[in-house]
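Notes to accompany the following structure.
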Amino acid sequence: MTEPVRILRGHGSGDPESDPHLREEWLVTNGLGGYASGTVGGAITRRYHGLLVAALPNPFGRTMLLNGLSERLRLPDRRVVYTGAEELAGAAPENVLPFAEFRLEAGLPVWRYEAAGFVLEKRLLMPYRQNTVHIRYRLLAGEGALRLNLRPAIHFRPHDAQVDTGLGARYTLTVVDDSYEVSAGAEQPALRLTLCCASPSAFTFDRRQSPSITYETERSRGYHSQGSLWSPGYFRVDLSAGQAATLVASTEDWETIRALSPEEAWRAEEQRRGMLLVSAGPAAREGPGAELVMAADQFLITPVGRTEDAARARAAGDEVRTVIAGYHWFTDWGRDTMISLEGLTLATGRYVEAGWILRTFAHYVRDGLVPNLFPEGQGQGLYHTADATLWFLHAIDRYLRISGDRMTLRLLLPKLLDIVDHHVRGTRFGIGMDPADGLLRQGQEGYQLTWMDAKVDDWVITPRRGKAVEINALWYNALRLMEQWTGEEQGEEAAARFRELAGRARESFNRRFWHQEGGYLFDVVDGERGDDAACRPNQVLAISLPHPVLDSERWAPVMEVVEKRLLTPVGLRSLAPGHPDYKPRYYGDLRSRDAAYHQGTVWAWLIGPFIDAWLKLHPGDPSRARRFLDGLIPHLDQACVGSISEIFDAEPPYTPRGCIAQAWSVAEALRCWVKTAGTEERAEEARDEQARRTAPAGVL
């Protein structure tokens with residue numbers, strides 16, 4: 001087992017139109033929902049780019065505190081160069097030093113700069129479950145001393161706020177010995193800074209406001225794109241070969257900040273990441289699988305804002321865990337969490353955390369529904385979803401099959417019975433079973449209830465009100481699971497009810513959803529405009545789920561249509577070309593983008609259900625199934641290096657769009673990578689799973 005390394009060579013021009021390193025991005029997270037992120041080339045192009053975006057208790061939510069660092073190098077001949085973008089100094093292009101190499105080591109970014117015989121390395125990490133960032137500079141080679149100036153650039157604001165928000169804020173700098181605090185009022189968190197190094201260092205108080213900066217990505221997305229940054233001054237240190245200096249920025253108290261030296265913090269994080277690989281199955285310990293394990297870790301978090309939940313969970317011997325749906329702007333979403341759970345936790349050996357996540361969400365079930373999302377800075381969920389709850393049952397099934405945790409099933413079974421009862425009787429948002437045919441219908445004016453959930457103002461782009469194909473595939477799967485679980489726990493009489501409901505749903509589904517003329521499935525039946533024959537990927541779930549609702553003789557024609565019309569190298573199109581609403585590109589302002597979001601745009605996560613369905617037709621050919629991931633592996637060099645984007649354009653070159661790192665994209669790629677491993681790898685994984693399931697209590 002070796003640590004995954006991904007290398008990009010430096011060849012940047014600094015031109016935002018032509019330099020690929022200003023489009024490539026990196027991401028480091030802290031297990032709380034906080035993060036650091038930027039372009040590989042150093043320019044700040046998004047409102048979300050910063051070195052410390054802290055995850056703070058409600059009502060703050062994630063907060064931008066340290067936007068960037070101006071890095072100024074003075075060589076022994078007194079020549080001055082700057083690394084990356086120089087927002088505060090306005091450096092001329094000829095004085096900007098591009099990196100010679102960028103790489104990810106076990107998911108952590110490393111830059112290497114070379115100038116006049118000097119080799120400087122920069123590394124960045126966030127200590128796990130701290131709102132702290134360490135940026136370490138080490139001089140690897142060079143004759144004489146290299147002077148390093150580091151100027152913090154700040155703009156305190158919610159991380160999702162426009163870049164011109166609160167630009168008139170007044171900042172206060174407080175200094176005690178080598179401890180520096182920047183604050184913007186008693187109600188706001190303070191940014192604490194210190195420079196850790198063996199060499200003598202100094203801080204120069206030199207307030208400076210940058211000229212207006214253009215955030216290029218925000219401009220291209222139709223948002224406010226002009227803002228400025230403020231700096232209190234700069235740190236200075238001289239480094240000789242072999243020496244290092246670490247700038248630490250944090251919202252934690254000074255005792256926590258100083259509890260570990262930078263070297264100890266690095267060793268702890270390296271050990272933690274090494275254990276992630278050890279816990280994963282053999283197919284995920286090296287190569288792309290190992291890289292995806294590191295990417296998966298970024299989405300599993302302990303939410304800091306929900307204090308009551310944490311207290312309740314700990315009283316029961318649990319911990320609160322949830323899943324960030326995507327970086328930079330998503331919070332934890334129920335649907336995304338349940339779809340992602342198998343790939344993020346079960347394929348990585350993190351079974352205990354999987355149980356915590358399921359039990360956390362079970363507490364939030366209301367009126368038979370799992371919450372759709374938890375808004376930033378709030379503790380209460382929103383429930384406008386028709387599918388998250390059905391995915392919840394699917395996730396429980398996946399967890400039970402791997403963990404064998406019957407206690408969790410017994411704990412959750414009353415909730416699951418309540419969920420089905422509410423769906424049979426009818427619950428919020430028009431979600432309920434049609435007693436005429438046993439199928440599940442959903443829809444309420446002004447709400448987007450399925451995963452195709454784009455909405456602009458009052459315009460629901462793809463309302464899909466009626467009986468949606470994937471909702472009913474999930475409904476049938478859920479009923480069969482309930483038949484199994486109640487039979488095991490409560491006996492045959494309890495199971496008979498669910499068997500009857502499932503049988504009715506299956507008969508009705510195959511009668512109602514088959515589109516004879518097209519040779520595939522309707523996307524919605526009994527919709528506002530009748531039956532919708534749009535060719536969409538949702539139909540794949542009628543085959544891919546553990547209990548497929550579609551008759552097996554129809555699997556092949558459906559998959560033939562899907563492969564021909566929807567499959568791309570990076571996932572499935574959300575709508576087949578030729579439809580009047582088809583959009584080949586996802587770009588422009590918010591309204592233009594959302595109009596294309598589910599109207600052709602490719603979704604990476606859908607490759608998972610596609611591979612599951614394909615393997616049901618070709619069960620003996622996992623190696624060929626793995627080839628459907630071939631387009632996503634090179635993508636690890638694009639967008640967010642080492643991760644997988646949310647969406648892609650529907651036509652070549654399949655430009656990545658949306659969130660740069662998406663939980664279900666990573667999760668489904670990793671799950672399928674493990675699923676399509678070689679025979680020997682799968683046998684070893686089976687042995688590992690058996691050992692874990694039979695381990696004494698507490699070992700897991």
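Is it true that G34 is at pLDDT 80 or above and crowded, with 23+ Cβ neighbours inside 10 Å?
Criteria met by G34.
Checking the condition hydrophobic (A, V, I, L, M, F, W, C), touching a Ser or Thr at 6+ places or on another chain (Cβ under 7 Å), at pLDDT 95 or above and not in a loop (DSSP other than H, G, I, E, B), which residue from L51, L124, L139, L120 passes?
L139
Within the stretch 610-631, how many residues turn out to be assigned to a helix (DSSP H, G or I) and either at pLDDT below 95 or within 20 Å of P288 (Cβ to Cβ) (or both)?
Summing the residues that are assigned to a helix (DSSP H, G or I) and either at pLDDT below 95 or within 20 Å of P288 (Cβ to Cβ) (or both) in the stretch 610-631 gives 13.
Spot the failing condition for G107; the list is (1) among the small types (G, A, S); (2) in contact with a helix residue (DSSP H, G or I) (Cβ under 6 Å, 6 or more places away or on another chain); (3) over 28 Å from H328 (Cα atoms), and only one is missed.
(3)
Is it the case that G289 is surrounded by 17 or more Cβ atoms within 10 Å (Cβ to Cβ) and out of contact with any Leu (no Cβ under 8 Å at 6 or more places or on another chain)?
For G289, the condition - surrounded by 17 or more Cβ atoms within 10 Å (Cβ to Cβ) and out of contact with any Leu (no Cβ under 8 Å at 6 or more places or on another chain) - is not met.
Considering only residues of the stretch 588-603 that are modelled with pLDDT of 90 or more and not in a helix (DSSP H, G or I), which is surrounded by the most Cβ atoms within 10 Å (Cβ to Cβ)?
V602
Which of the residues spanning the stretch 85-112 are out of contact with any His (no Cβ under 9 Å at 6 or more places or on another chain), modelled with pLDDT under 90 and under 30 Å from E270 (Cα atoms)?
A85, L97
Answer with yes or no whether S645 is of a type in the set (S, T, N, Q), in contact with a strand residue (DSSP E or B) (Cβ under 6 Å, 6 or more places away or on another chain) and modelled with pLDDT of 95 or more.
Judged against the criteria, S645 is a match.
Here's a check for you: in the stretch 617-649, which residue that is touching a helix residue (DSSP H, G or I) at 6+ places or on another chain (Cβ under 6 Å) and of a type in the set (G, A, S) is farthest from S552 (Cα to Cα)?
By that ranking, first place goes to G642.
Give R536, R506 a once-over and let me know the one that is in contact (Cβ under 8 Å) with a residue 24 or more places away in the chain, surrounded by fewer than 22 Cβ atoms within 10 Å (Cβ to Cβ) and not small (G, A, S).
Of R536, R506, the one residue that is in contact (Cβ under 8 Å) with a residue 24 or more places away in the chain, surrounded by fewer than 22 Cβ atoms within 10 Å (Cβ to Cβ) and not small (G, A, S) is R506.
For G443, state whether it is of a type in the set (G, A, S), buried (at least 16 other Cβ atoms within 10 Å of the Cβ) and at pLDDT 95 or above.
For G443, the condition - of a type in the set (G, A, S), buried (at least 16 other Cβ atoms within 10 Å of the Cβ) and at pLDDT 95 or above - is not met.
Starting from residues that are in a strand (DSSP E or B) and in contact with a Gly (Cβ under 8 Å, 6 or more places away or on another chain), keep the ones in the stretch 1-26 and report whichever is modelled with the lowest pLDDT.
R6
With respect to the numbered conditions (1) surrounded by fewer than 24 Cβ atoms within 10 Å (Cβ to Cβ); (2) at positive phi; (3) at pLDDT 95 or above, which one is the sole condition not fulfilled by P584?
(2)
On the given criteria, is R366 surrounded by fewer than 20 Cβ atoms within 10 Å (Cβ to Cβ), more than 16 Å from D397 (Cα to Cα) and not acidic (D, E)?
yes
Enumerate the pairs (first residue in the stretch 70-82 and crowded, with 16+ Cβ neighbours inside 10 Å; second residue anywhere and assigned to a strand (DSSP E or B) and of a type in the set (D, E, K, R)) with beta-carbon separation below 8 Å, excluding pairs fewer than 6 apart on the same chain, so at least 6 apart or on different chains.
Close Cβ pairs (under 8 Å, with a partner that is assigned to a strand (DSSP E or B) and of a type in the set (D, E, K, R)) amount to S70/R151; E71/K122; R72/R151; L73/R147; R74/R147; V81/R72; Y82/E71; Y82/R72.
Check L617, L636, L606 and return the single one that is aliphatic (A, V, I, L, M), buried (at least 24 other Cβ atoms within 10 Å of the Cβ) and in the same structural domain as V558 (by TED's automatic domain parsing).
After ruling out the rest, the residue left standing is L606.
On the basis of being closer than 29 Å to G233 by Cβ and either crowded, with 18+ Cβ neighbours inside 10 Å or modelled with pLDDT of 95 or more (or both), does G41 make the cut?
yes
How about the stretch 562-610: which of its residues are of a type in the set (A, V, I, L, M, F, W, C) and within 17 Å of L632 (Cβ to Cβ)?
Selection gives L566, L567, V570, L572, V602, W603, A604, W605, L606, I607, F610.
Got a sec? Which of G274, G281, G349, G287 is touching a residue at least 12 places away in the same chain (Cβ under 8 Å) and under 30 Å from T194 (Cα atoms)?
Testing whether each residue is touching a residue at least 12 places away in the same chain (Cβ under 8 Å) and under 30 Å from T194 (Cα atoms) leaves just G274.
Determine which member of the set A316, A311, A268 is more than 24 Å from R401 (Cα to Cα), over 22 Å from the mean Cα position of the chain (by Cα) and without any contact (Cβ under 8 Å) to a residue 60 or more places away in the chain.
A311
Looking only at helices (runs of 4 or more DSSP H) that lie completely in the stretch 463-565, which have at least 3 residues being of a type in the set (K, R) and within 30 Å of L411 (Cα to Cα)?
492-512
Looking at V420, is it farther than 24 Å from V562 by Cα and of a type in the set (A, V, I, L, M)?
Here the answer is yes, as V420 does meet what is asked.
Can you pull out the residues in the stretch 640-657 that are crowded, with 22+ Cβ neighbours inside 10 Å and either part of a strand (DSSP E or B) or under 17 Å from the mean Cα position of the chain (by Cα) (or both)?
C640, V641, G642, S643, I644, S645, E646, I647, F648, P656
Where in the stretch 306-415 are there helices (runs of 4 or more DSSP H), lying wholly inside it, with at least 2 residues that are within 30 Å of A161 (Cβ to Cβ)?
Result: 307-315, 334-341, 351-363.
The values are calculated or read from the model by the stated rules, or taken from the named source; none is laboratory data. Quick caveat, the model's predicted, so the values are computed rather than measured. Methodologically, a virtual Cβ is constructed for each residue, glycine included, from the backbone with ideal geometry; neighbour enumeration extends over all protein chains shown.
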